[in-house]
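> Dumping the structure here so I can ask a few things about it.
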Amino acid sequence: MARKEKKYHFIYKTTCLVTGRYYIGMHSTSNLDDGYMGSGKRIRRSLNKYGEENHQKEILEFCNSRKELKSREEEIVNLNEIAKKDCMNLIVGGEGGFSSEQQKLNAEKSNAKQKILREDPEWVKNKSNKLSKSLKKVYDEGRRERKEFYNWSGLTHSAESKKIMSESSKGKGIGSENSQYGTCWITKDGINKKIKKEELEIFVSQGWKKGRKLK
C-alpha cells in the first residue's frame, strides 16, 4: 500500500532518555502501534546503542494527507531546528523515508538483529552493565547532571488529533493488550528504567531496585 493511502499521517518526536537528544520525523501508517521510532542515521545509531527502551516517541500532530504531512515536516524541521545541539536530524524535512532501497534493507536487518539480541538474557545483562558504567563515568566526571531531559507538560493536541488517538485506542489497554503489561520500573544511581518483569532478577543482581525515583 502506498504511503498516501495509509490511514494515519503524523509528525513525531523520538527522544533518547539517556542523552536528551531528539529526532523529529513524519510517518504514515495504518497501525499506530507499529513500533516505528525513526529512520534517520543518527536516531538509528542512538536506538542501537541505548536500546528502544531508553527512547520515548511522542506524536506531535496529525495531518489529513501525505502531502500535508510533508509540508508540515518541512516547516518544523528547518535549518534552525537541525542546527540545535540536541537535534539528531541531518537534513531539513519534507522528504522523509529512506533514501534508497539498500538503506531500507539495512534498517530492516538492524531491527531484526536487535530483536533477537534483546531476547538473549546474557546480552541484556552485558548491555546493561556497559551502559551503567558509561553513565556513572559521565555523572562522576560532572559532564552531565542528573535531570529530566525533556518536559512534555506543555504539549497539547488538537481536537482532531485527540479524536484520532481515542479511536485508535478503543479495545486496547486491557490485560495483555496494554503496552505496559508484563513490565515494571527499576532504579539505580538516579536513573529510572522500564524492563520486562522476567528480566527483573538479572537487573537486581546488578544493583538495580524495583520501583522508580521521582524527581
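The values are calculated or read from the model by the stated rules, or taken from the named source; none is laboratory data. All values reported here derive from a predicted model rather than from experimental measurement. Here the Cβ is made from the backbone with ideal geometry for all residues, glycine too, and neighbour counts use every protein chain on show.
> Restricting attention to the stretch 1-20, and to residues there that are farther than 17 Å from Arg66 by Cα and more than 11 Å from the chain's Cα centre (by Cα), which single residue is surrounded by the most Cβ atoms within 10 Å (Cβ to Cβ)?
Result: Val18.
> Hey, any hits in the stretch 76-96 for a residue that's small (Gly, Ala, Ser), modelled with pLDDT under 90 and within 30 Å of Leu200 (Cα to Cα)?
Within the stretch 76-96, none of the residues are small (Gly, Ala, Ser), modelled with pLDDT under 90 and within 30 Å of Leu200 (Cα to Cα).
> When both residues are 6+ apart or on different chains and their Cβ atoms are under 9 Å apart, which pairs have a first residue that lies in the stretch 20-46 and is under 18 Å from Leu90 (Cβ atoms) and part of a helix (DSSP H, G or I), and a second that is aliphatic (A, V, I, L, M) and modelled with pLDDT of 90 or more?
Close Cβ pairs (under 9 Å, with a partner that is aliphatic (A, V, I, L, M) and modelled with pLDDT of 90 or more) amount to Lys41/Met88; Arg42/Met88; Ile43/Met37; Ile43/Met88; Arg44/Met37; Arg45/Met88; Ser46/Val18; Ser46/Met88.
> Would you pick out the residues in the stretch 57-94 that are in contact (Cβ under 8 Å) with a residue 60 or more places away in the chain and within 16 Å of Tyr22 (Cβ to Cβ)?
In the first step, residues of the stretch 57-94 are kept if they are in contact (Cβ under 8 Å) with a residue 60 or more places away in the chain; the result is 58-62, 65-67, 69, 72-73, 76, 86-89, 93.
Passing the criteria: Glu58, Ile59, Leu60, Glu61, Glu73, Ile76, Asp86, Cys87, Met88, Asn89, Gly93.
> Which numbered condition trips up Asn111, out of (1) loosely packed, with under 15 Cβ neighbours inside 10 Å; (2) modelled with pLDDT under 90; (3) in a helix (DSSP H, G or I)?
(1)
> Another question about this same structure. If only one of Leu69, Leu32 is modelled with pLDDT under 90 and among the aliphatic types (A, V, I, L, M), which one is it?
On the way: Leu69 fails: modelled with pLDDT under 90.
Step by step, each of Leu69, Leu32 is checked, and only Leu32 is modelled with pLDDT under 90 and among the aliphatic types (A, V, I, L, M).
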